[in-house]
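Participant: Can you read through this structure? Questions will come right after.
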Amino acid sequence: MMSLSIFLALLFLYCLVSGQLEKTIFTGPILFTVAGMLLFLTWPGILAAGINQEVLFRLSEIGLVLLLFTDASHADLNILRRIGNLPARLLSVGMLLTIVLGAVTARLVFPHLSIWEAGILSAVLAPTDAGLGQVIVESPRVPMPIRQALNVEAGLNDGLSVPFLMFFIALAAAKVEGPAASLLQFMVEQLGYGVLVGGGIGLAGGWLLGLADRRRWIAESFQRIAVVALPLLCLEVSKMVGASMFIAAFVAGLAVQIGFKDAGKHSVEFVEEWGRLLNLAVFFLFGLVAMRALPQFNLMLVLYAVLSLTVVRMLPVAIALVGARQNLASVVFMGWFGPRGLASIVLGLVYLQQELQLPGETTIRLALIVTVLLSIFAHGLSAAPGISIYARKLPPSAAAASGSELGRNSPSGEE
């Protein structure tokens, strides 16, 4: 397939200069999204020639299943204790307010959407993307509590968004299909079965991995493969029983730690390598889809995208951090750097795969594309300048702590 050849050639070239690109404002998601957009401009028939929504969905769902499992299996309670209650605030009050405010904003900007359709759009755009914010969470110029809080938030809020999305989808489906029983059935199958599948696979898999590790049955080189097989097993079993594969993967990641403490380490090792490849492939395909949808963009879609990335994100974060003793610069910094990316793409495709054919489906699809597209560029291009501005705004004590950490991380031990 010509499109696959083009992507692999671009991937090879990107790898060759990746070290130099890390010093610039041009991130991998930006470059591969632009590459997809340019490819569509030069070859408009490419989507009809083999790349379609189904390909994008399959790649995206595998990427998110692996990401959810890894995030859950790598959840470190010691980190949460060290950085206080910032992640808890962002994942509870912050996330709930984001979904509510996102739905209210959607109803105001798009009056033709029902409340459940507005809820679907809001839930799809609620999770943040750690990959798009990688520069932030890895920068020693940002205080450790801030970047760890953003990292933990991005790691867990995609999994927490799934039940809200499924709930709104179920309500929308019940309204379309009529009987209330369909709502209960959908919730039981998607949420209940998802928990059972994930819990069963995670507990059984973790126990077997722990046993094999203690008795030295398993070769070290196969530990990573064995761990990664669990979320993929969740994906396939969930399809067979009609459960949510994303809830199953997230629950499995939590449960596997009970029997095998090193699951997080091995899953991270795999996802850091192959997960990044999948992510770049998704952004490449997203660029193709976004360019095809470009003629349908309008000012109301752009308005919602801007509001989603600013007011809908920043106001809930500010409210959630009341009483957390954070300075204004930190509150603004954490509020702005809540990029939307892979999780939103996948959750949007999850909704589209339900084939509910709601009246507002086109609006939901286009609003998702515009918001993620704007986020890729806005957050990617502003990351390095944003860090510099934030570092200058830090109080002397916080700046000194960041500076000493930067010194410890430098080869010479000096700033």
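The values are calculated or read from the model by the stated rules, or taken from the named source; none is laboratory data. None of the values given here were measured: they were computed from a predicted structure. Positions of Cβ are backbone-derived with ideal geometry, glycine not excepted, and every protein chain shown enters the neighbour counts.
Participant: Could you figure out which of (1) surrounded by fewer than 24 Cβ atoms within 10 Å (Cβ to Cβ); (2) in contact with an Asp or Glu (Cβ under 7 Å, 6 or more places away or on another chain); (3) assigned to a helix (DSSP H, G or I) isn't true of ALA154?
Facilitator: (1)
Participant: Would it be correct to say that SER375 is among the polar types (S, T, N, Q), under 14 Å from PRO127 (Cα atoms), modelled with pLDDT of 90 or more and not in a loop (DSSP other than H, G, I, E, B)? Please lay out each step first, then the result.
Facilitator: Working: among the polar types (S, T, N, Q): yes; under 14 Å from PRO127 (Cα atoms): yes; modelled with pLDDT of 90 or more: yes; not in a loop (DSSP other than H, G, I, E, B): yes.
It is true that SER375 is among the polar types (S, T, N, Q), under 14 Å from PRO127 (Cα atoms), modelled with pLDDT of 90 or more and not in a loop (DSSP other than H, G, I, E, B).
Participant: Residues LEU254, LEU280, LEU288: which one is modelled with pLDDT of 75 or more and either under 17 Å from the mean Cα position of the chain (by Cα) or of a type in the set (Val, Ile, Thr) (or both)?
Facilitator: LEU280
Participant: Condition test on GLY338, is it out of contact with any Pro (no Cβ under 8 Å at 6 or more places or on another chain), surrounded by 24 or more Cβ atoms within 10 Å (Cβ to Cβ) and not in a helix (DSSP H, G or I)? I'd like the intermediate steps shown before the answer.
Facilitator: Numbers: out of contact with any Pro (no Cβ under 8 Å at 6 or more places or on another chain): yes; surrounded by 24 or more Cβ atoms within 10 Å (Cβ to Cβ): yes; not in a helix (DSSP H, G or I): yes.
Criteria met by GLY338.
Participant: Got a number for residues in region 341-363 being surrounded by fewer than 19 Cβ atoms within 10 Å (Cβ to Cβ) and either modelled with pLDDT of 85 or more or more than 21 Å from the chain's Cα centre (by Cα) (or both)?
Facilitator: 6
Participant: Here's another thing I want to ask about it. Could you tell me which numbered condition ILE218 fails, if it satisfies all but one of (1) assigned to a helix (DSSP H, G or I); (2) touching a helix residue (DSSP H, G or I) at 6+ places or on another chain (Cβ under 6 Å)?
Facilitator: The failed condition is (1).
Participant: Next up: Any residue in region 240-250 that is among the polar types (S, T, N, Q), farther than 15 Å from VAL65 by Cβ and at pLDDT below 85? Lay out the reasoning, then the answer.
Facilitator: Looking only at region 240-250, we keep the residues that are among the polar types (S, T, N, Q), and these are 244.
Now restrict to residues that are farther than 15 Å from VAL65 by Cβ: none.
No, region 240-250 contains no residue that is among the polar types (S, T, N, Q), farther than 15 Å from VAL65 by Cβ and at pLDDT below 85.
Participant: Only one residue in ILE30, ILE51 is buried (at least 19 other Cβ atoms within 10 Å of the Cβ) and at pLDDT below 80, so which one is that?
Facilitator: Working: ILE30 fails: at pLDDT below 80.
The match here is ILE51.
Participant: Condition check: under 30 Å from GLU361 (Cα atoms), of a type in the set (A, V, I, L, M, F, W, C) and buried (at least 19 other Cβ atoms within 10 Å of the Cβ). Does LEU278 satisfy that? So that I can check it myself, show each step before the final result.
Facilitator: Details: under 30 Å from GLU361 (Cα atoms): yes; of a type in the set (A, V, I, L, M, F, W, C): yes; buried (at least 19 other Cβ atoms within 10 Å of the Cβ): no.
Answer is no for this residue.
Participant: In region 54-73, how many residues are crowded, with 19+ Cβ neighbours inside 10 Å, of a type outside the set (A, V, I, L, M, F, W, C) and at pLDDT 75 or above?
Facilitator: Of the residues in region 54-73, 4 are crowded, with 19+ Cβ neighbours inside 10 Å, of a type outside the set (A, V, I, L, M, F, W, C) and at pLDDT 75 or above.
Participant: Considering only residues of region 91-133 that are modelled with pLDDT under 90 and in a helix (DSSP H, G or I), which is surrounded by the fewest Cβ atoms within 10 Å (Cβ to Cβ)?
Facilitator: Among them, the one singled out is SER92.
Participant: Sticking with this structure for a sec: Are there any pairs with C-beta distances below 6 angstrom linking a residue in region 278-301 that is closer than 16 Å to SER60 by Cβ to a residue that is not in a helix (DSSP H, G or I), with the two at least 6 apart or on different chains, and if so which?
Facilitator: Once the first residue is closer than 16 Å to SER60 by Cβ and sits in region 278-301, its partners that are not in a helix (DSSP H, G or I) give ASN279/GLY131.
Participant: May I pose another question? Inspect all residues belonging to region 325-335 and state whether any of them is charged (D, E, K, R), out of contact with any Cys (no Cβ under 8 Å at 6 or more places or on another chain) and under 13 Å from LEU132 (Cβ atoms).
Facilitator: Within region 325-335, not a single residue is charged (D, E, K, R), out of contact with any Cys (no Cβ under 8 Å at 6 or more places or on another chain) and under 13 Å from LEU132 (Cβ atoms).
Participant: Does region 215-227 contain at least one residue that is surrounded by 15 or more Cβ atoms within 10 Å (Cβ to Cβ), in contact (Cβ under 8 Å) with a residue 12 or more places away in the chain and aliphatic (A, V, I, L, M)?
Facilitator: Within region 215-227, the subset surrounded by 15 or more Cβ atoms within 10 Å (Cβ to Cβ) is 218, 223-224, 226-227.
If we keep only those that are in contact (Cβ under 8 Å) with a residue 12 or more places away in the chain too, we end up with 223-224, 226-227.
With the extra rule that they be aliphatic (A, V, I, L, M), the set shrinks to 226-227.
Yes - at least one qualifying residue is present in region 215-227.
Participant: Sticking with this one: Given the conditions (1) part of a helix (DSSP H, G or I); (2) among the small types (Gly, Ala, Ser); (3) closer than 22 Å to ASN151 by Cβ, report the number of the one that ALA367 does not fulfil.
Facilitator: Only one criterion is unmet by ALA367, namely (3).
Participant: Now for a different question. Look through region 177-213, keep the residues that are in contact with a helix residue (DSSP H, G or I) (Cβ under 7 Å, 6 or more places away or on another chain) and under 8 Å from ALA243 (Cβ atoms), and return whichever of them is modelled with the highest pLDDT.
Facilitator: VAL197
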